[in-house]
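Rule-based calculations on the coordinates, nothing more; no lab input. All of these numbers come straight from a predicted model, not from anything done at the bench. Using ideal geometry, Cβ is built from the backbone for each residue, glycine included, and neighbour counts are taken over all protein chains shown.
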Amino acid sequence: MGAPSLLSAQQRIHCPQCGREIAADEQFCPYCGVHLGLAAIVGEREIILSQLDQETDLAVESLVPRLGERLVQKGLITEAQLQRALDYQRERAQVGEKIRIGRALVRLGFLDEETLDQAIAETLLQLQEALYQSNVRLQQQVEKREKQLQKALNRLAELQRVKANFVASISHELRTPLAHIIGYLDLLHDGDLGNLTEEQRRAVRVMQNAAERLHLLIEDLIGFALLSQGEIVLNPQPVAVEKLFSEALAPLRARAAAKGVHLQEDIPRGVRVLADGEKITWVLRHLLDNAIKFTPPDGTVWLQAASQGFQVHFMVEDSGPGIHARHLRSVFEPFSQLEEATHRRHGGAGLGLALAKQVLEAHQTTLEVVSKVGCFTRFSFSLPKVEPDER
């Protein structure tokens with residue numbers, strides 16, 4: 001089931017390298033020749049690093065001299081007298097008496113009370129003015145920083161559009177040659193281009209399966225590019241639950257049988273939900289495809305839907321290896337793969353669950369996952385039920 005088209009001849013973007021306006025479906029800038037996909041990635045990295053490197057001094061500066069330094073500057077005491085008062089302050093602290101520098105100066109006879117009070121008052125006034133000026137500068141710095149961040153966010157959004165359009169453009173171009181490959185493989189398998197030996201037929205079937213997997217990955221890429229721009233549009237209609245599962249399972253039953261995976265279905269008949277049937281079928285297909293892919297031979301995949309009040313709860317569970325708790329949050333991240341790349345046994349671009357999550361969020365529901373390592377993984381979500389008298 002394909003994703004809707006993303007690109008339009010009227011769409012325009014800006015080249016990340018030269019800034020010139022170009023068509024959205026370009027792969028290389030016609031002005032500077034840069035590779036748009038790579039330029040967008042580099043541009044994003046530069047913006048993120050530049051924002052991390054920004055240093056904005058939002059601390060209140062110490063613009064007012066300390067009291068002792070101020071008294072020295074005004075000629076009321078000498079440097080030697082200030083040092084003697086500081087030594088006296090430390091001496092008293094050692095015996096548990098806390099004394100301020102001004103009081104130490106008075107005790108030592110270097111300063112009288114009236115002069116000290118006047119110096120403190122002047123210092124407080126100066127400090128008040130300094131704090132006011134500092135606050136003005138801080139406000140100016142905050143406003144400047146906000147403008148810088150907004151500019152960076154706008155630039156990142158533009159670069160993300162460039163990346164999404166690039167992915168969609170490449171994916172669309174892959175569709176045509178892949179369609180030819182799939183078409184001729186079907187002709188070969190059906191014997192329309194001549195008789196095949198059993199061994200040749202098996203080889204063709206392997207190629208058909210590989211081509212189908214590639215087709216699904218391309219549709220995932222197109223769908224992700226579409227959803228990443230927030231352009232998902234729903235067409236909610238009452239749709240039968242059994243129809244959703246039937247259409248989702250249709251292209252996967254043969255794969256499950258070939259792998260020896262058992263399908264156990266508990267799907268109510270006559271129950272309908274309000275949803276975009278095409279997109280929910282697409283979500284179920286991804287969940288079922290993953291379940292079959294990760295379930296070992298002679299394992300089981302359970303499909304279930306059950307009415308719960310005004311909702312219908314959907315569930316796809318497999319008896320596969322499970323997902324460790326520390327990885328559960330990352331399963332919905334785009335391009336996420338739980339297996340190490342060098343040891344990966346299963347194909348996939350890591351887009352299916354990210355797409356499924358976004359489609360369900362557009363339906364105002366949540367895709368949830370529960371798993372136990374070595375036992376099972378279960379994905380579930382709910383949709384509003386349509387009562388029999390509702391049209």
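Taking amide H as placed 1.01 Å from N in the peptide plane, the amide H of Thr300 sits under 5 Å from that of His262, Ser319, each at least 5 places away or on another chain.
Given R0 = 25 Å, the distance between the Cβ atoms of Arg66 and Val136 translates into a calculated FRET efficiency of 0.60. Rounded to whole numbers, the Karplus 3J(HN,Hα) couplings from phi for region 211-219 are 5, 5, 4, 4, 4, 5, 5, 5, 5 Hz, using 6.51 cos²θ - 1.76 cosθ + 1.60 with θ = phi - 60°, and x at Gly and Pro. Going from the fewest other Cβ atoms within 10 Å to the most, the residues Val95, Val312 appear in the order Val95, Val312.
Amide hydrogen proximity for Gln311: with H placed 1.01 Å from N in the peptide plane, the residues at 5 or more positions away or on another chain lying under 5 Å are Lys385.
Extension gain, Ser246 to Phe310: 0.36 nm times the residue separation minus the Cα-Cα distance gives 20.8 nm.
Each residue of region 193-204 is assigned a 3J(HN,Hα), and the resulting list reads 10, x, 6, 10, 6, 4, 5, 5, 5, 5, 5, 5 Hz, derived from the Karplus form 6.51 cos²θ - 1.76 cosθ + 1.60 (θ = phi - 60°), x at Gly and Pro. Ranked by the mean number of other Cβ atoms within 10 Å of their residues, highest first, the peptides 264-273, 234-243, 160-169 come out as 160-169, 234-243, 264-273.
Karplus-based coupling profile of region 107-118, in residue order and whole Hz: 4, 7, x, 7, 8, 9, 4, 5, 5, 5, 4, 5, with θ = phi - 60° in 6.51 cos²θ - 1.76 cosθ + 1.60 and x standing for Gly or Pro. When only the Cβ of Lys, Arg, Asp and Glu is charged (+1, +1, -1, -1), the dipole of region 237-386 relative to its Cα centre reaches about 60 debye. Ordering Arg326, Arg175, Arg285 by the number of other Cβ atoms within 10 Å of each residue's own Cβ, fewest first, gives Arg326, Arg175, Arg285.
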